[in-house]
There are 2 protein chains.
Amino acid sequence: MQAEDMILVSVDDHLVEPPHLFEGRLPAKYQDLAPKVVHTERGDDVWTFGEQVIPNIGLNAVAGRPKEEYGVEPTSFEEMRPGCFDVGERVKDMNAGGVLGSMCFPSFPSFSGRVFGATGDKDLGLAVLQAYNDWHIEEWCGSAPGRFIPMAITPLWDAELCAAEVRRVAAKGCHSITFTENPAMLGFDSFHSASWDPVWQACCENDVVVSIHLGSSGQLVVTAPDAPVDVMITLQPMNICQAAADLLWSRIPKQFPDIRFALSEGGTGWIPYFLDRVDRTYEMHHLWTGQDLGDRMPSDVFREHFLTCFIADPVGVQLRHLIGIDNISWECDYPHSDSSWPEAPEELEAVMAGVPEAEVNKITFENACRWYRFDPFVHRFRSESTVAALRAEAAGHDVSTRSYDTGRYERRKGVDIGKLAEQATA
Amino acid sequence: MQAEDMILVSVDDHLVEPPHLFEGRLPAKYQDLAPKVVHTERGDDVWTFGEQVIPNIGLNAVAGRPKEEYGVEPTSFEEMRPGCFDVGERVKDMNAGGVLGSMCFPSFPSFSGRVFGATGDKDLGLAVLQAYNDWHIEEWCGSAPGRFIPMAITPLWDAELCAAEVRRVAAKGCHSITFTENPAMLGFDSFHSASWDPVWQACCENDVVVSIHLGSSGQLVVTAPDAPVDVMITLQPMNICQAAADLLWSRIPKQFPDIRFALSEGGTGWIPYFLDRVDRTYEMHHLWTGQDLGDRMPSDVFREHFLTCFIADPVGVQLRHLIGIDNISWECDYPHSDSSWPEAPEELEAVMAGVPEAEVNKITFENACRWYRFDPFVHRFRSESTVAALRAEAAGHDVSTRSYDTGRYERRKGVDIGKLAEQATA
């Protein structure tokens, strides 16, 4: 399938929170206590919330940088592509990259929102968290209908509050929460405790997917203090297999037949081995471990309850039927360094060479739309939603590369978006 | 290829140390201080060494047990199949299982031998370690020439001593050491420190493979204290990807072109994804991380330096050419619970269905023989080395299943070894 004909819905992107996020969204008594951006004497921008100072306002938000500088984190809004934090600019970048839909994980609150819980005043924490979700749903997603899959943060410190927030955001059309890959690592009850049941119950009743992003346990995969950073970069996606095993063997899928998880940024090529391993573990060991899945195998349970995704994963594509063709989705990972924006469609075309169009469509958008109850075609015709059509809208939008050091602009090697846009409109 | 025609060399099995191991192998001043087996009042056998008491004499040595009892660890020699600790019986079990050659990891000293280092008297520790290696090479392997790949433990607490021990055992024909998957986790310098260089140098000069067994960092993969044991069983093999990434990105393969590692019990189906991931990591990030592999990709480095293995891994077999057909070997894992002994050949036949004979041979024995400098055919003809020929020798050997609870004997479901042996001799 040609890149230009694809329809792309990304289940894993990232937004950087703009400074005005909490303005007018909190009761008067909390407005002064809300997280705020402070411009430091050094010229950096940092988020502050109570005692907490979070300098990584856009950790790894390197879209539009030369690869030589991927390790240099932006420390101010000035240093980032506006598409990181300005939703209008984001939509233009999505158009240039041929991306129709996008689900955006939070930055400064952490993937699981633990920053909001790290305050002595839990009422304040909840108010701030709800203000965040309202902003995300109403402003970020609401400003471009049909372009964003809304996603909410939950108050992990209280399962009943979590469940209530799931219900509150679901009523606003939000069918995804960003959870942690391991609550036990964050000091909460593990996935094996019944104390989380109200959350799963609320998710099941409201068709809400529990999206679990790599790194959301608050722990990086570090083999040794002096290990090169390449080790961590290599291992991070696959490490989500720990959450997959933890959840798969837990009581949750047994007790909640409608629960659905997404393994965000976890890749797919390792899944067939993983499924073979869980099935062998079951066959060899369940007689003494006491696992009882009735007439199902663990791999069946996985396919019923887990969505996977990849940026560009040739092994996952080759083995797609061992994973489950209905269990694979695509992610862009904008604006992080693993992303191929704005040439992702061309990368995807190469990786999917030879895959039947019906299967490409499942992977690039249909599975994501079904899983997250997202219907972009309410807002635009399908013919207006292809890579080519979106790039035509982006004609003239600047996607050049800017270096910290030289300030020079240069077009990234690979596809000339301007040219593609010209062709599309010709 | 038919199971009966296969030649099987297993690169990962386990021996349980017999009580007499250290007898007559230490200087007089150390003989009384050597590790010894104590029969407790409860009827258990434990190894003791100084202050250390190691109750798990044969952790997970469950060969010949019904699967319902795999979780019940044997706590005495009485409760184990003699093939676990008696080399004569082991060879009979190998014959019954059709296994020509075997490399046996240690049990009570731990995979990395850290028990020997946990003594205030390092001279004693070294003497005991060398006695162990001498016993392993001379008695365990020496009693059945051509049936065992010798393997040595090294004194991790001193890299120069390690190097000297590598040279000492290599002079005895031992071309494999059992190392740790992460020395940093054991409190030593990490793989990224030059302090280990004498070890790698000695290995390169003496054609010695650094065999790295899962779990040899001394840490299990535990997601939460209340996680079901199935989570740990599932994750343990794949977790060796951490050691693979740590070593691959380290200075070792760059500095020591002849170094060779084996990822023992790590499985193979996840490797193609892993190789794609390391290559992508290199492409996307090396300009800022500073990795420089010259004209090679990380996947090339992997194939030059790493041997993998599987028990039965359909995904690994399917993707064997993405792994490297010269980088895959087979393991039996006797007497642990993941093993399919004595029906491993039949399992292998099913998993390898459709694979050309030349490739099956590489996987079942040729790669192991080349990698570990092991030539069984000096000792017996190839026609005497097949599964069928070995099983014929085992005719009459009892492989029945014994239960702790009932004491009843019953044949394991699946292949009837006696019948196979009869057929082979008919």
Per-residue mean of other chain beta-carbon atoms within 10 angstrom of the beta-carbon, peptide B:69-76? 2
If the convex hull is drawn through the Cα atoms of region B:264-321, its volume per residue in Å³: 85 Å³
Counting partner chain Cβ atoms within 10 Å of every residue's Cβ in A:304-316, what's the average? 2
Connecting C-alpha atoms closer than 10 Å in a GNM of chain B, tell me which of B:Ile325, B:Ile153, B:Ile363 has the biggest fluctuation. B:Ile325
How shielded is A:183-192 by partner chains, expressed as the average number of their Cβ atoms within 10 Å of its Cβ atoms? 3
For region A:58-110 and region B:49-94, compute the distance between their C-alpha centroids and round to whole Å. 57 Å
Euclidean distance of C-alpha centroids, region B:132-153 and region B:324-347, integer Å: 20 Å
Considering chain A as a Gaussian network with a 10 Å cut-off on Cα pairs, which listed residue, A:Asn327, A:Asn56, A:Asn95, attains the greatest mean-square fluctuation? A:Asn56
For chain B, calculated [θ]222 nm from helices alone, where every DSSP H run of n ≥ 4 adds -39500 (n - 2.57): -9000 deg cm²/dmol
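So which of B:Lys29/B:Lys92; A:Lys122/A:Lys172; A:Lys29/A:Lys172; B:Lys36/B:Lys172 end up more than 28 Å apart by C-alpha? Working shown, then result.
Values: B:Lys29/B:Lys92 37 Å; A:Lys122/A:Lys172 23 Å; A:Lys29/A:Lys172 25 Å; B:Lys36/B:Lys172 26 Å.
Correct reply: B:Lys29/B:Lys92.
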Nearest-to-axis residue of chain B, judged by Cβ, for the B-to-A rotation, with distance in whole Å? B:Trp270, 2
Would you please name the trypsin sites (Lys or Arg not before Pro) within region A:27-98 that are DSSP coil residues with at most 12 other C-beta atoms within 10 Å of their C-beta? A:Arg42
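Of all the Cα-Cα pairs you can form in region A:1-53, what percent are over 17 Å apart? Please report the intermediate quantities before stating the final value.
On the way: 797 of 1378 pairs.
Value for region A:1-53 (Cα pairs over 17 Å): 58 percent.
Can you list which of the chymotrypsin sites (Phe, Trp or Tyr not before Pro) found in region B:286-388 are DSSP loop residues with at most 16 other C-beta atoms within 10 Å?
Numbers: sites: B:Trp288, B:Phe302, B:Phe306, B:Phe310, B:Trp330, B:Phe365, B:Trp371, B:Tyr372, B:Phe374, B:Phe377, B:Phe381; in loops: B:Tyr372, B:Phe374, B:Phe381.
Answer by residue number: B:Phe381.
Exposed loop GluC sites (Glu not before Pro) only (DSSP loop, at most 13 other Cβ atoms within 10 Å): please give the longest stretch of chain A free of them, not including the sites.
Details: sites that count: A:Glu23, A:Glu41, A:Glu51.
No qualifying site falls inside A:52-426, the longest such stretch.
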Would you kindly work out, in nm and rounded to one decimal, the distances from the label point of A:Asp123 to those of the same position in each other copy, ordered shortest first, with label points 7 Å along Cα-to-Cβ? 7.3
Measuring from centroid to centroid over Cα atoms, what is the spacing of region A:209-251 and region B:182-213 in Å? 26 Å
Point-to-point label distance, B:Glu357-B:Leu287, nm (Cα→Cβ direction, 7 Å offset): 5.2 nm
Excluding ligands, DNA and RNA, what is the solvent-accessible area per residue of region A:188-246 at a probe of 1.4 Å, expressed in Å²? 28 Å²
Under the 7 Å Cα-to-Cβ spin-label approximation, A:Val222 and B:Gln2 lie apart by a distance in nanometres of 5.8 nm
Measure off 7 Å from each Cα along the Cα-to-Cβ vector at B:His321 and B:Asp121, then give the distance between these two points in nanometres to one decimal. 6.0 nm
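The values are calculated or read from the model by the stated rules, or taken from the named source; none is laboratory data. Owing to the predicted nature of the structure, the values given are computational and were not obtained by experimental measurement. Please note: Cβ atoms are built from the backbone with ideal geometry, for glycine as well, and neighbour counts cover all protein chains shown. Please note that ligands, DNA and RNA were not included when accessible areas were found on the heavy atoms of the full protein model with its side chains. Shrake-Rupley method; radii C 1.70, N 1.55, O 1.52, S 1.80 Å.
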